[in-house]
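The values are calculated or read from the model by the stated rules, or taken from the named source; none is laboratory data. This structure is a prediction, so every number in the text was calculated from the model and none was measured. Quick reminder, even Gly has a Cβ in these numbers, built from the backbone with ideal geometry, and neighbours come from all protein chains shown.
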Amino acid sequence: MRIFYDTEFLERGPKHPIDLISIGMVREDGAEYYAISSEFDATAVRAHPWLRENVWPYLPQLNNGALDVRHIDVKPRHVIAAEVASFVREKPRPELWAYYGAYDHVALCQLFGRMADLPDGFPMWTNDLMQEITRLGIARDELPEQGQNLHKAIDDARWNRDAARVVRELAL
């Protein structure tokens, strides 16, 4: 069962772990999972020009512009980890897929601590859609258009699923 996912994260270099902002996952069977961490450094995200412009607008906010931590999608990391583990392991032989997925995989693994701490039955790698697109010689304009919610993790995960379908069809 292929699971397409995307994360949004704050990256600050080698002395800091990747700080998960949000994660979206879509399985081939149509099931979806979306969560926003209640524990990321919101001040740092709002101070980061790219994240402030491209990610922050998709997060639930209070009237004063602060993250709405009472929103149903906003959860502590340990809750997200448990829910992601359940979502991924619910179907046999899960495969993880992401677009330019190296950082996404690290952000995902860090939910559980170290890569060695991944739950039993959880994939230890993420297949990269961009590598597959390149390997097959597929042009970017052959892929579906990305929607207007670019950099909202659940919408990007849906695009990953749609792009993977096109890649599979073109590979036949």
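A few remarks follow.
- Residue in segment 86-104 that is surrounded by fewer than 21 Cβ atoms within 10 Å (Cβ to Cβ), among the small types (Gly, Ala, Ser) and more than 19 Å from Pro17 (Cβ to Cβ) present: yes
- Leading residue by the ranking (farthest from Phe40 (Cα to Cα)) among those in segment 91-123 that are of a type in the set (Asp, Glu) and modelled with pLDDT under 95: Asp120
- Those residues of segment 139-170 which are surrounded by fewer than 12 Cβ atoms within 10 Å (Cβ to Cβ) and part of a helix (DSSP H, G or I), in sequence order: Arg140, Asp141, Glu169
- For segment 2-19, a tally of residues being modelled with pLDDT of 95 or more and either loosely packed, with under 15 Cβ neighbours inside 10 Å or more than 30 Å from Arg168 (Cα to Cα) (or both) returns 1.
- Residues that are under 16 Å from Ala153 (Cα atoms), charged (D, E, K, R), surrounded by fewer than 20 Cβ atoms within 10 Å (Cβ to Cβ) and in contact (Cβ under 8 Å) with a residue 24 or more places away in the chain within segment 20-60 comprise just one, Glu32.
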